[in-house]
1. Which ones in region 20-56 are closer than 20 Å to A7 by Cβ, over 21 Å from the mean Cα position of the chain (by Cα) and hydrophobic (A, V, I, L, M, F, W, C)?
2. Residues in region 86-97: is at least one at pLDDT below 95, loosely packed, with under 12 Cβ neighbours inside 10 Å and within 28 Å of A151 (Cα to Cα)?
3. Checking the condition acidic (D, E) and more than 20 Å from the chain's Cα centre (by Cα), which residue from E89, E59 passes?
4. So which of L116, L104, L72 is part of a strand (DSSP E or B), touching a strand residue (DSSP E or B) at 6+ places or on another chain (Cβ under 8 Å) and surrounded by 18 or more Cβ atoms within 10 Å (Cβ to Cβ)?
5. Considering region 34-56 alone, what residues qualify as being in contact with a Gly (Cβ under 7 Å, 6 or more places away or on another chain) and without any contact (Cβ under 8 Å) to a residue 24 or more places away in the chain?
6. Which residue, of I4, I11, I44, I17, is closer than 27 Å to G83 by Cβ and out of contact with any Leu (no Cβ under 8 Å at 6 or more places or on another chain)?
7. So is K158 part of a loop (DSSP other than H, G, I, E, B) and closer than 23 Å to V118 by Cα or not?
8. Considering only region 142-150, I want to know if a residue exists there that is over 30 Å from I44 (Cβ atoms), open to solvent by 20 Å² or more (accessible area, probe 1.4 Å), of a type in the set (K, R) and under 12 Å from the mean Cα position of the chain (by Cα).
Amino acid sequence: MSRIGKALIKIPTGVEIKISADNVVSVKGPKGELFQPLKEGFTIDITDGNLTVKRPNEEKQSKALHGLYRSLINNNVVGVTLGHKTQQELVGVGYKASNVGQVLDLSVGYSHRIMLEVPKEITLTTVTEKGKNPTIIMESIDKQLIGQVAAKIRGFRKPEPYKGKGIKFTNEQLRRKAGKSASKK
């Protein structure tokens with residue numbers, strides 16, 4: 001059995017989990033409600049405040065999806081209770097980030113500014129302090145959505161390995177390379 005798939009999910013107080021007839025798991029908590037469709041045959045079992053995901057058979061596809069569904073449901077449980085948060089910083093001279101409502105305005109070294117409309121499910125804030133890199137902070141209950149938007153933002157200017165300029169996650173360790181060295185004569 002999958003190690004991740006057989007791990008229990010502890011259900012906090014105030015969280016309701018239901019499975020509908022069309023095999024969709026709904027997780028409702030204090031911050032909102034999320035849905036996760038399951039493939040035919042997968043079931044969930046709730047006993048003593050713990051949730052387990054059961055797979056229908058021992059086929060390779062079922063084994064692969066077992067751990068995935070458990071992780072997705074766990075992310076939903078954490079999202080509706082605590083929420084998810086990502087922070088990205090812009091490293092580079094003249095790089096700027098600002099937002100007006102749900103529209104993110106980036107200036108990252110191109111001849112034009114980049115405007116990105118962020119989905120309404122995400123709370124967007126930008127922080128610009130003197131002496132520090134501009135920071136983009138996103139909070140949401142949906143981990144998958146927040147990761148997708150963060151990857152889209154990072155894709156506008158990926159960090160390069162020589163100077164480290166670009167858009168990176170706050171806790172990300174970049175792999176740096178040595179530049180050209182002068183020849184000795």
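1. Matches in region 20-56: F42, I44, I46, L51, V53.
2. Yes.
3. E59
4. Just a single option satisfies the conditions, and that option is L104.
5. Residue satisfying the conditions is P56 alone.
6. None of the other options fit; the residue is I4.
7. yes
8. Scanning region 142-150 turns up no residue that is over 30 Å from I44 (Cβ atoms), open to solvent by 20 Å² or more (accessible area, probe 1.4 Å), of a type in the set (K, R) and under 12 Å from the mean Cα position of the chain (by Cα).
The values are calculated or read from the model by the stated rules, or taken from the named source; none is laboratory data. As the structure is a prediction and not an experimental result, all values here were calculated from the model. So basically every Cβ, Gly included, is an ideal-geometry build from the backbone, and we count neighbours across all protein chains shown. In case anyone asks, the SASA skips ligands and DNA or RNA and just uses the protein heavy atoms, side chains included. Shrake-Rupley method; radii C 1.70, N 1.55, O 1.52, S 1.80 Å.
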